[in-house]
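Presented below is the structure to which this report refers.
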Amino acid sequence: MLPYVIPGAEFNSAARDPPPKCHPNTRIQIRADLHNCINGTTRLIWMHGPAGVGKSAIMQTIAETVSTCATLFFARSSDPPRNDSKKVFTTLAYSLAVSNDSYYKYIEAKLSKDPFFLEKSLAEQFHRLFIAPFIGNLVDTGHQRWVVLLDGLDECKNDENDQCRIVDLIRDSILNHTGTTPFVWIIASRPEAHLMAALRKLKVNFRDCPAEFWERGIPVDSDDAVQDIERYLHTEFTKIREDNLDSFPDPASTWPSNGDFLKVAKASSGLFVFASTLTKYISVDRPASRLKLIMALIDQPTIYPTGVSQGPFSLLDMLYTQVMSDIPDNLLPVAKALLG
């Protein structure tokens with residue numbers, strides 16, 4: 001099956017090491033809600049939100065805490081890219097075959113009889129791999145629900161039609177084969193227009209059986225996200241202090257000041273990628289000095305037109321600019337090569 005598999009796309013692959021994951025004691029409610037859905041009657045879960053709010057971290061944490069699970073983490077910017085729409089279902093099937101002996105034997109038998117068993121259209125692949133084995137009771141599910149996670153569907157090859165086809169095939173399998181297939185599908189994506197249109201269609205499709213479909217939007221600045229950011233920052237700043245005791249005057253526990261901490265937490269505005277990038281940046285070298293640079297960025301007057309909010313995304317741009325400006329001269333050629 002390897003020629004039909006997207007390498008490095010599974011939740012525990014070396015290509016994603018270390019993967020993003022939920023910080024302890026954060027995202028508690030949404031993780032509990034997802035587990036309740038997995039263990040209940042829900043068959044399709046759609047989680048959506050802008051970049052940087054922690055969708056992949058939530059998906060990673062869920063993948064690590066369920067038993068029979070197939071995962072695919074899309075990444076358009078990885079090397080090689082993990083976004084080939086033609087290999088989505090075959091990659092998931094490979095993941096299932098590795099974790100379930102009965103499904104493995106089914107795939108093995110089909111490929112032994114027909115080496116071109118997987119050389120089919122998306123729709124035929126889906127039928128052969130996710131419907132036929134269970135309609136004919138050819139695979140022992142162990143009377144368990146099998147969880148399938150698709151993270152970053154909007155990163156799947158720049159083809160909106162294929163992304164929507166994947167959603168449609170999953171939807172139709174649930175509506176037409178209720179009680180037959182064992183799958184709980186969890187999809188995470190950005191709220192792109194074509195995917196939100198598909199989401200609205202799903203709500204109509206599942207109108208007669210709403211318990212089978214669950215949608216969760218993750219806004220940037222929800223109360224839960226803001227509180228989780230503060231927990232994360234407390235832990236990371238403590239770790240930085242412990243790793244750099246020689247860099248701080250006694251008592252080190254006074255760093256950062258309460259005022260600076262609150263400013264950083266407010267600037268993060270529930271955007272995990274901002275808090276994560278910031279703490280990684282200041283932990284590398286001279287944390288006290290680097291935090292001062294960050295505070296200067298946060299405190300400076302807005303550079304945007306009157307009436308335009310300087311939200312976390314604009315501050316994130318400024319943070320990335322600061323990171324880039326600190327690249328040492330001897331490493332600059334390497335950085336330029338990496339950036340193309």
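The values are calculated or read from the model by the stated rules, or taken from the named source; none is laboratory data. Every value quoted in this text rests on a predicted model; they were computed, and no experiment measured them. Cβ: placed from backbone, ideal geometry, glycine included. Neighbour counts: every protein chain shown. Each accessible area value is taken on the protein alone, full model and side chains, heavy atoms only, with ligands, DNA and RNA left out. Shrake-Rupley method; radii C 1.70, N 1.55, O 1.52, S 1.80 Å.
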Worksheet item: Only one residue in L122, L138 is open to solvent by less than 20 Å² (accessible area, probe 1.4 Å) and in contact with a helix residue (DSSP H, G or I) (Cβ under 7 Å, 6 or more places away or on another chain). Which one?
Response: L122
Worksheet item: On the given criteria, is P50 modelled with pLDDT of 85 or more and either in contact with a Cys (Cβ under 7 Å, 6 or more places away or on another chain) or surrounded by fewer than 21 Cβ atoms within 10 Å (Cβ to Cβ) (or both)?
Response: yes
Worksheet item: (1) β-branched (V, I, T); (2) closer than 24 Å to E160 by Cβ; (3) surrounded by fewer than 22 Cβ atoms within 10 Å (Cβ to Cβ): which one isn't true of T71, the others all being true?
Response: (3)
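Output the residues belonging to the stretch 21-36 that are assigned to a helix (DSSP H, G or I), of a type outside the set (A, V, I, L, M) and touching a residue at least 24 places away in the same chain (Cβ under 8 Å).
Residues satisfying the conditions are Q29, R31, D33, H35.
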Item to complete: Keeping to the stretch 173-225, report how many residues are in a helix (DSSP H, G or I) and in contact (Cβ under 8 Å) with a residue 60 or more places away in the chain.
Response: 9
Worksheet, complete the sentence: Per the filter on the stretch 183-208, residues in contact with a His (Cβ under 9 Å, 6 or more places away or on another chain) and crowded, with 18+ Cβ neighbours inside 10 Å are I187, A188, S189, L195, L199
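For every residue, the table says whether it meets (1) at pLDDT below 85; (2) surrounded by fewer than 16 Cβ atoms within 10 Å (Cβ to Cβ).
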| position | (1), (2) |
| --- | --- |
| P210 | no, yes |
| D246 | yes, yes |
| D260 | no, no |
| K263 | no, no |
| A267 | no, no |
| K292 | no, yes |
| V308 | yes, yes |
